[in-house]
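One structure is given below, encoded as structure tokens.
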Ligand SMILES: [Fe+2]
Ligand SMILES: [Fe+2]
């Protein structure tokens, strides 16, 4: 596996773990069970920033851009769909953040709205990752050349270099992720 593939696979696993917690919290909200507002806020903070700042730029600026340049005919449709989903995701998360704010303020109907948005976000995120893992990444292996992969790996390596800046930000995301998984683990039997 290439460095770029390893990095994206690792980030997808991290996002899937969060999606599982979001789905669980959506169920608790739906069933009128107690939820932890701090945990929900950590989730919203994480998904507001991590995909946009760390994950999507790697996909869009390096992998997807080179796939399209190499073979737009074969890759164009799936890449258009993924880019469209990235934009929709941003709007969905903004709505989720607003619903959480209303819920924490005790607004009428906010619990149901938050439950619906959290449930649909968890579903969306899982499906989006499937589309990338099962369709886009195999296509990348098909169309990209050795030279493309070397350039993508170099861009990812630079991005991952702790000396290249952004170290504090990455630590903050790792911390937030740990907190979400620690607080959001469903109790045994659920
Ligand atoms: Fe994506
Ligand atoms: Fe992705």
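Packing, taken as the mean count of other beta carbons within 10 Å per residue, orders the peptides 6-18, 82-94 from highest to lowest as 6-18, 82-94. For region 1-107, the ratio of Cα radius of gyration to the globular rule of thumb 2.2 N^0.38 Å stands at 1.29. Which value at 222 nm does the chain reach when only helices count, each DSSP H run of 4 or more adding -39,500 (n - 2.57), with the total divided by all residues and rounded to the nearest 500 deg cm²/dmol? Theoretical 222 nm ellipticity from helices: -26000 deg cm²/dmol. For region 3-184, the Kirkwood estimate of hydrodynamic radius, built from reciprocal distances between every pair of different alpha carbons, is 17.4 Å.
When Rg and the Kirkwood Rh are both derived from Cα coordinates, the Rg/Rh ratio for region 1-47 amounts to 1.16.
The C-alpha atoms of the chain define a longest principal axis, and helix 37-50 lies at about 20 degrees to it. Working from Cα positions, state the angle (0 to 90°, nearest 10) between the long axis of helix 167-184 and the longest principal axis of the chain. Helix 167-184 and the main axis of the chain meet at about 50 degrees.
Extending 7 Å from the Cα toward the beta-carbon at both residue 112 and residue 65 defines two label points whose distance is 4.6 nm. Rounded to 0.05, the FRET efficiency of the residue 39 and residue 72 pair, given R0 = 41 Å and the Cβ-Cβ distance, is 0.45. Separation of region 51-92 and region 106-162 by C-alpha centroid, Å? About 9 Å separates the Cα centre of region 51-92 from the one of region 106-162. Rounded to whole Å, the principal axis extents of the Cα atoms in region 102-162 read 56, 31, 9, largest first.
The angle between the Cα long axis of helix 65-104 and the main principal axis of the chain comes to about 20°, on a 0 to 90 degree scale.
Only the coordinates and a few stated rules stand behind these numbers; no lab work does. This one's a predicted model, so the numbers in the text were calculated from it and none came from an experiment. Reconstructed Cβ throughout: ideal geometry from the backbone, glycine too, with neighbour counts over all protein chains shown.
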